[in-house]
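The values are calculated or read from the model by the stated rules, or taken from the named source; none is laboratory data. Owing to the predicted nature of the structure, the values given are computational and were not obtained by experimental measurement. No Cβ is skipped: glycine too gets one built from the backbone with ideal geometry, and neighbour counts run over all protein chains shown.
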Amino acid sequence: MSPYVESIITLLMINSIAAMGVSLLTGFTGIFTLGHSAYMALGAYTTAILYMGHSVPWAIAIFAGAAFAMLVAWLIGVPTLRLMGDYYAIASIGLAESIRLIIANWQSLTRGARGYPDISKFATFNVTLAFFLVMGALIFLLIHSRYGRAFKACRDDHVAASLLGYNTARYRVLSLVISAFYCGIAGGLLAGFLQYLKPDMFDMLKSTELTAVVVFGGMGSMSGCLLGTTIITLVTELFRPISQYRMLIYGAVLVIIMVLRPEGLLGRYELGPRLLRHLFGRKTPEGTEGRG
Amino acid sequence: MGIFLQQIINGLSLGSVYALIAVGYSLVYSVLLFSNFAHGGFLVVGGYACYFALKTLGFNIWISSLLSLVGAGFVAILVERLAYKPIRERTNVTLYLLIASMGMSIVIENIFVVTVGGRFRALPPVIPTAPVNLGIATTSAFDIISLGVAVVCLVALQLFLSRTKWGLAIRAAAYDLRTAGLMGVNVNRLISIVFFVAGALAAVGGIFLSVRYTLYPQLGTITIKAFVAAVIGGLGSLPGAVVGSLILGLSEMLTAGFISSQLRDLVVFSLLVITLLVRPTGLFGKSVGEKV
Amino acid sequence: MGALLEVKDMNKFFGGVQAVADMSFTLEKGELMGLIGPNGAGKTTIFNLITGVYPLSSGAVFFRGEEITGGKTYDIVKKGIARTFQNLRLFGASTVLENVMTACQQHYPYSFLEAISHLGRWKSQEKNIRNKSMELLERVDLAREAHRAAGTLPYGHQRRLEIARALALQPELLLLDEPAAGMNPDEVMNLNELIQKIHSDFQLTILVIEHHMELVMEICPHILCMNFGAKIAEGDPDHIQGHREVLKAYLGEDEEEASA
């Protein structure tokens, strides 16, 4: 594999890890977020500062970064997620902006807006692959457990869920914290891959991209989100010359999908036999499929 | 003492501009029960419309403002018809509307980036900004004018809502949209009117913000502060949006004046979190109970 | 032991509207009680108040002697109360089986670690959840539809599914909100049988809101009739059928129906 292809795939895997986190939160638990780049930023900068500034082994630094992201997520999540509605979405924008501001202004710690340079490369292809496979497996296993069903219940009908004994606020916060962990790890890997960091790498564009790939791939499908990430990452790589149109395209994707096909590419189906049966097999009896 | 009063007036002026934006946003929320994130886009449209009317078409401020209001109003209607109407007719999952609104916000912002470019533009100096001495404090004519205009607009809105037929219909719809429709109100037309009003108000805000901060496509992101103001005041409450905006404007200006300009946005975010912790329905918000 | 459920001087105001007025009643363990009254009488509101969906304006609710007034819904449910909904609240896009499993799994827990590794108790508990859920589906005669999206079921089947899901919580008290709504006379008869069967098989205490008189009068030895939020009669079917206030409350409706 040529170094170029290898680096594309590494970037793809890093983006996928973050996207899987957002998919759990938005696709499976129904919580819209517009600021998940904040958790990537927290993971990335914590990792860089601990690793380069304090000689902490990178493996520990990455987990420390992700843990910090989880903590912040929990602090924001508890007050905002016990309320149904758009409160978390609004707070997430504020959070992302605040984090970006803090990073850009705390020069002594983060080297500010000019960027944190010269991080030794630890996120090699193999390291990233290992993280990707393990974290991917864990989240697939999680969804196919009682937690997956609980998250979906909170998403589909929170009143019914609470009348089945579910503390929906707790599950929503749990989903957020896990998603923050995934974004934190992705951020840490990003630091070790790009070898430098700048606060505006974690801006609205990044947050929007994360949400867009999940929506595009299918809310409620983990393999859909991987598919979405792959397609969008590859397309933006191939169409680098039109990168100024990237944001415009992400925005248009969100609108078009919501209007024409809100279930995205794969809907709630994972890649597998059930999907094939749904696409090509005998159709199940007529009826209105309840939307979540 | 002079500085303190100055910051108060600054704060009120800024807050009144936020109020124009927050009120439009709250109006849409009260009728459709979702956060229209594209609201910032209307602001930007208003700003650019005014700019081009002044600069390229050479109209005076009055005509330019009118064009700006009408233009933004129509863009708002267009956004509603293109993106929101198809979704709300098919489903009542507000998450889809939320995502679509985010998409529209990005699309509008980036249309400007791609067509007229992202550079900062100063509006031709048709609104006086000369300092005005009030005896106990010095402020700028601009602050007084923007405060005055905001008051006029809000009073006009209040009269519209309380004295006209459509105003009554909107108030009914804010209470219960479906029932208003059953009572003979043309729901689609009502929603278009609501969006037109919201767009027009945002345009006024956009014009003043363009003078304050210069005009650029991402100016719309300042709407997040209006959202926070609306939450503080109570989502869906118009008086709440005004009060929340004033509180926000004052907090921002007092922080900028006495602590640090960088921390302004952090203060905004903190106020949001505090509100959600202490009184999530905001100052005047009604908690819309779900019918079980 | 005292009553399983005791509602004492329950009041609920929605702004200026009084939805429930000084409601008091007790439900002994093992009873099958009917709650009837014209539309808007406040019956569903009482269910919502008991399960903590709405807070009481005043009054108290006791379950198994313990006060549950003001408790959180999920806590109250865990104490042993389950309900179905007037307007159906199924997870429409999920399968029939998944709907029941989501309720069933509350009694077959395993840890987060076991969930992300699929080790330990995951396998055995998932098997239990699945089997128990299928059992319940068989009881309500929906086993064949297990893998259909719940929202595609015919209306009557959806109602049965909600009952199965509620049963999966292994409750002591079951609140059924108009389970026969939209059913034809044959289906109502089947439902009658089903309710009586689960009443005895699971030793449940059941409170049923219903409009179908052939259901309520047939299977409920104890009936409470309300109107405008207040109790207007309570007793056995004969007492209720002959009660002046009950006839008054319903007669108006009958006249309109006759002339419609």
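Remarks
- Candidates are the residues of the range C:136-150 that are assigned to a helix (DSSP H, G or I) and under 20 Å from the mean Cα position of the chain (by Cα); the one that is nearest to the other protein chains (Cβ to nearest Cβ) is C:Ala150.
- Contacts under 7 angstrom Cβ, first residue in the range B:243-254 being in contact (Cβ under 8 Å) with a residue 60 or more places away in the chain and under 16 Å from B:Phe269 (Cβ atoms), partner of a type in the set (Lys, Arg) and in a helix (DSSP H, G or I), 6 or more apart: B:Leu248/B:Lys225; B:Glu252/B:Arg264
- Of the residues screened, C:Ala149 is not one that is of a type in the set (Gly, Ala, Ser) and farther than 28 Å from A:Gly218 by Cβ.
- Take the conditions (1) part of a helix (DSSP H, G or I); (2) within 26 Å of A:Thr211 (Cβ to Cβ); (3) touching a Phe, Trp or Tyr at 6+ places or on another chain (Cβ under 9 Å); (4) not acidic (Asp, Glu); A:Phe131 misses just one of them, which is (3).
- Among the residues of the range A:201-222, those that are out of contact with any Leu (no Cβ under 7 Å at 6 or more places or on another chain), buried (at least 24 other Cβ atoms within 10 Å of the Cβ) and away from chain B (no Cβ under 13 Å) comprise A:Phe202, A:Met222.
- Just one of the listed residues (B:Val116, B:Val187, B:Val126) is surrounded by 13 or more Cβ atoms within 10 Å (Cβ to Cβ) and within 14 Å of another protein chain (Cβ to nearest Cβ), namely B:Val116.
- Extreme residue, surrounded by the most Cβ atoms within 10 Å (Cβ to Cβ), among residues of the range C:87-98 that are facing chain A (nearest Cβ under 9 Å) and of a type outside the set (Ser, Thr, Tyr): C:Phe91
- Any chance A:Ile103 is part of a helix (DSSP H, G or I), closer than 25 Å to A:Leu176 by Cβ and more than 10 Å from chain B (Cβ to nearest Cβ): yes
- The residue pairs whose first member lies in the range A:38-62 and is under 15 Å from A:Ala180 (Cα atoms), whose second member is part of a helix (DSSP H, G or I) and hydroxyl-bearing (Ser, Thr, Tyr), and whose beta carbons are closer than 6 Å, counting only pairs six or more residues apart or on different chains, are A:Tyr45/A:Thr110; A:Ile62/A:Thr47.
- Of all the listed residues (A:Leu164, A:Leu189), the sole one being assigned to a helix (DSSP H, G or I) and either without any contact (Cβ under 8 Å) to a residue 24 or more places away in the chain or not small (Gly, Ala, Ser) (or both) is A:Leu189.
- Test: residue in the range C:64-86 that is facing chain A (nearest Cβ under 10 Å), touching a strand residue (DSSP E or B) at 6+ places or on another chain (Cβ under 8 Å), in a strand (DSSP E or B) and among the basic types (Lys, Arg): yes
- When each of A:Ala19, A:Ala59, A:Ala48, A:Ala44 is tested for being surrounded by fewer than 24 Cβ atoms within 10 Å (Cβ to Cβ), more than 14 Å from chain B (Cβ to nearest Cβ), part of a helix (DSSP H, G or I) and small (Gly, Ala, Ser), the lone residue that passes is A:Ala59.
- When the residues of the range B:87-104 are filtered to those that are part of a helix (DSSP H, G or I), more than 7 Å from chain A (Cβ to nearest Cβ) and of a type outside the set (A, V, I, L, M), the one that is nearest to the chain's Cα centre (by Cα) is B:Ser101.
- Pairs meeting the criteria (first residue in the range C:99-121 and in a loop (DSSP other than H, G, I, E, B), second residue surrounded by fewer than 17 Cβ atoms within 10 Å (Cβ to Cβ), beta carbons under 7 Å, at least 6 apart or on different chains) are C:Tyr108/C:Asn128; C:Tyr110/C:Gly120; C:Tyr110/C:Arg121.
- Candidate set from the range A:240-284 (those that are among the small types (Gly, Ala, Ser) and within 18 Å of the chain's Cα centre (by Cα)); member that is farthest from the other protein chains (Cβ to nearest Cβ): A:Gly264
This table checks each residue for (1) in contact with a Phe, Trp or Tyr (Cβ under 7 Å, 6 or more places away or on another chain); (2) at pLDDT below 90; (3) farther than 16 Å from C:Arg160 by Cα.
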| site | (1), (2), (3) |
| --- | --- |
| C:Glu187 | no, yes, no |
| C:Asn192 | no, no, no |
| C:Ile195 | no, no, no |
| C:Thr205 | no, no, yes |
| C:Val208 | no, no, no |
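- Exclusive hit being more than 7 Å from chain A (Cβ to nearest Cβ), within 23 Å of A:Gly136 (Cα to Cα) and not small (Gly, Ala, Ser), set C:Lys123, C:Lys132: C:Lys123
- Here B:Thr138 meets the list (1) of a type in the set (Ser, Thr, Tyr); (2) within 26 Å of B:Thr214 (Cβ to Cβ); (3) touching a Pro at 6+ places or on another chain (Cβ under 8 Å); (4) surrounded by 17 or more Cβ atoms within 10 Å (Cβ to Cβ) almost entirely, failing just condition (4).
- Residues (out of contact with any Leu (no Cβ under 6 Å at 6 or more places or on another chain), touching a residue at least 40 places away in the same chain (Cβ under 8 Å) and not hydroxyl-bearing (Ser, Thr, Tyr)) located in the range C:47-62: C:Ile50, C:Gly59, C:Ala60, C:Val61, C:Phe62
- B:Val267 vs. criteria more than 30 Å from B:Gly118 (Cα to Cα), of a type outside the set (S, T, N, Q), within 11 Å of chain A (Cβ to nearest Cβ) and free of Cβ contacts under 8 Å to residues at least 40 places away in the same chain: no
- Any hit, the range A:44-60, residues being under 27 Å from B:Leu95 (Cβ atoms) and either of a type in the set (A, V, I, L, M, F, W, C) or modelled with pLDDT of 95 or more (or both): no
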